[in-house]
1. Does any residue in region 132-159 that is on the phi > 0 side of the Ramachandran plot come within less than 7 Å, Cβ to Cβ, of a residue that is assigned to a strand (DSSP E or B) six or more places away or on a different chain, and which pairs are these?
2. Could you tell me which residue of region 129-151 is farthest from the chain's Cα centre (by Cα), considering only residues that are among the hydroxyl-bearing types (Ser, Thr, Tyr) and closer than 17 Å to Leu107 by Cβ?
3. In region 135-151, what count of residues is obtained for those that are in contact with a helix residue (DSSP H, G or I) (Cβ under 9 Å, 6 or more places away or on another chain) and surrounded by fewer than 16 Cβ atoms within 10 Å (Cβ to Cβ)?
4. Of all the helices (runs of 4 or more DSSP H) wholly in region 1-106, which have at least 3 residues that are more than 20 Å from Phe136 (Cα to Cα) and at pLDDT below 85?
5. Which of the residues that make up region 112-131 are at pLDDT below 90 and surrounded by fewer than 17 Cβ atoms within 10 Å (Cβ to Cβ)?
Amino acid sequence: MPTDDTVDALTRVLARTCRALGDAGHPQKAGRLAADGWAVLRVNHPEQALRLDGAMHYIARLERAADQAASASDDKEQPMPDDRILDVRTEIPKRRHELIFEVFHELPAGSAYVLVNDHDPKPLYYQFEAEHAGTFSWEYLEEGPEVWRVRIGRVEKTA
């Protein structure tokens, strides 16, 4: 069984590797890798998971810059009238992701809510991919620079 020192050292290595992968032009791969590590660590090693959360935020900024350089899309969809609005801008950072996942878990299949945040929540997307692949939808409605709105849905299961 690895010691806490070993877990901490491997987490530092993984975080540096993910940042380097993002810097090398592969931010999506880097973000997914960091989220996979975060998912493994978050329950039993929350301090180390925070290190990977920081790496995901760094990578998200790289990805955002690359996306902006590629193109800007003006055809954003609007939220559905019955979508719940979850504004986390006044929540402390530690509570934000916990609250976002709580609301997601309460969603009935086929419904969604709109997340309002003060920064690009791309690291959250990677966390959803790591823990809920194929069961969620993610659609940017507004992309900064001061407010981000993302429609997050629970995908209906198909038979």
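1. none
2. Initial filter on region 129-151 (among the hydroxyl-bearing types (Ser, Thr, Tyr)): 135, 137, 140.
If we keep only those that are closer than 17 Å to Leu107 by Cβ as well, we get 135, 137.
Values: Thr135: 15, Ser137: 12 Å.
So the residue we want is Thr135.
3. Qualifying residue count, region 135-151: 2.
4. On the way: elements: 4-23, 27-41, 46-70, 93-106.
Output list reads 4-23, 46-70.
5. Glu131, the sole residue that qualifies.
The values are calculated or read from the model by the stated rules, or taken from the named source; none is laboratory data. Here the structure is a predicted model, which means the values were calculated and not measured. Virtual Cβ from ideal backbone geometry, glycine too; neighbours counted across all protein chains shown.
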